[in-house]
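Single-structure report; data block below.
The values are calculated or read from the model by the stated rules, or taken from the named source; none is laboratory data. Note that the structure is predicted; figures quoted are calculated from it, not measured. Here the Cβ positions follow ideal geometry from the backbone for every residue, glycine too, while neighbour counts run over all protein chains shown.
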Amino acid sequence: MLIDIQYLNSTACEGDVQSPFYQIIMLKDHGNFSVDFTNYVCPNYSLIFLSPYQHFQFQFQDLDSRSIKKLEFHGDFYCIEYHKKEVGCNGLLFNNIYLSPFVTVTSALFEEIESIFDKIVLERAEDSAFSESVLKSYLQLVLALCSKVKSPQLINSRVYHDELTVGLKFQKLLEAFFLIERSVQFYAYELALGLDSFSKKVKKELGKSPSQFIQDRVVLEAKKLLHLTYLSIKEIAAKLGFEDEFYFSRYFKKNVGISPSSFRERVGISIVAK
């Protein structure tokens with residue numbers, strides 16, 4: 001299965017769910033959920049975007065599965081990294097630890113995207129010589145429509161005040177130093193803040209603690225190197241600053257749920273690496 005659409009039933013919505021596929025989940029009704037153990041609340045007409053092996057869990061009662069559709073696609077079918085210039089979604093919809101993992105659209109756009117999902121179902125049933133190209137075009141359209149909505153939402157959310165400045169500076173520092181500095185104290189010191197004050201400001205503004213961001217950034221980089229390069233596990237461990245590949249493997253498995261070698265085997269190595 002390289003692309004598929006499902007209605008989520010109550011069983012599929014229970015517990016911590018992980019998948020080797022990219023996922024787009026359509027929520028017609030508002031709801032609570034968690035991604036990588038961080039809680040989110042989304043309004044009606046929202047779409048959730050998940051990368052392979054992210055932890056995902058619904059957290060609301062009286063779930064109406066009829067209002068939830070999920071599209072899954074494998075990285076071999078549609079490489080987000082390869083097509084990022086075409087749809088502008090990598091880092092906006094997927095693979096960004098600093099942004100919320102969902103986008104909210106109008107009811108009209110939601111219905112339009114839902115109709116594209118229905119067309120994907122019909123095209124999969126056709127299984128013609130042109131089906132793969134048609135399916136990729138439908139998927140690209142969904143991603144482009146959602147990117148178009150998310151981009152101005154992101155810009156409008158950036159109201160610059162003291163607390164946001166701390167968050168932005170932390171993001172820049174983390175991107176520059178996460179390979180060599182994984183102590184919250186380091187980032188607090190660089191921003192001339194006490195540890196408690198720094199942690200509270202980041203958590204209030206960005207929704208997660210600094211330690212969680214540091215962990216998420218290391219794991220994201222590990223996933224990228226496993227998926228986008230042919231580097232060995234030992235080489236990736238060294239590149240990420242781990243003492244040895246065994247410590248790296250334990251760290252990765254603790255946070256992702258599977259070993260680096262299993263992740264690479266199930267998710268695959270992207271065509272970008274070739």
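Evaluating S211 against the criteria (1) of a type outside the set (A, V, I, L, M, F, W, C); (2) touching a helix residue (DSSP H, G or I) at 6+ places or on another chain (Cβ under 6 Å); (3) farther than 17 Å from L191 by Cβ leaves one unmet condition, (3). If the condition is being assigned to a loop (DSSP other than H, G, I, E, B) and under 13 Å from I180 (Cβ atoms), then the range 231-242 contributes L240, G241, F242. Among all residues of the range 265-272, there is at least one that is touching a residue at least 12 places away in the same chain (Cβ under 8 Å) and either farther than 21 Å from E81 by Cβ or of a type in the set (K, R) (or both). Which numbered condition in (1) closer than 27 Å to Q215 by Cα; (2) part of a strand (DSSP E or B); (3) modelled with pLDDT of 95 or more is the only one that F33 fails? Of everything listed in (1) closer than 27 Å to Q215 by Cα; (2) part of a strand (DSSP E or B); (3) modelled with pLDDT of 95 or more, F33 misses just condition (3). For the range 123-134, does any single residue satisfy the condition of being in contact (Cβ under 8 Å) with a residue 12 or more places away in the chain and hydrophobic (A, V, I, L, M, F, W, C)? Looking for residues that are in contact (Cβ under 8 Å) with a residue 12 or more places away in the chain and hydrophobic (A, V, I, L, M, F, W, C), one finds none in the range 123-134, hence no. Restricting attention to the range 186-228, the residues that are in contact (Cβ under 8 Å) with a residue 40 or more places away in the chain, surrounded by 15 or more Cβ atoms within 10 Å (Cβ to Cβ) and basic (K, R) add up to 4. Checking each residue in the range 170-185 for being surrounded by 14 or more Cβ atoms within 10 Å (Cβ to Cβ) and in a helix (DSSP H, G or I) picks out F170, Q171, L173, L174, F177, V184.
Hey, could you check the range 82-128 for residues that are charged (D, E, K, R) and at pLDDT 90 or above and say which is surrounded by the most Cβ atoms within 10 Å (Cβ to Cβ)? Walk me through it before giving the result.
Filtering the range 82-128 for residues charged (D, E, K, R) gives 84-86, 111-112, 114, 118-119, 123-124, 126-127.
Subsequent filtering for residues that are at pLDDT 90 or above retains 111-112, 114, 118-119, 123-124.
Working: E111: 13, E112: 14, E114: 14, D118: 13, K119: 14, E123: 19, R124: 16.
Checking each candidate, the answer is E123.
Within the range 187-210, the residues that satisfy the criterion of being assigned to a helix (DSSP H, G or I) and among the charged types (D, E, K, R) are E190, D196, K200, K201, K203, K204, E205.
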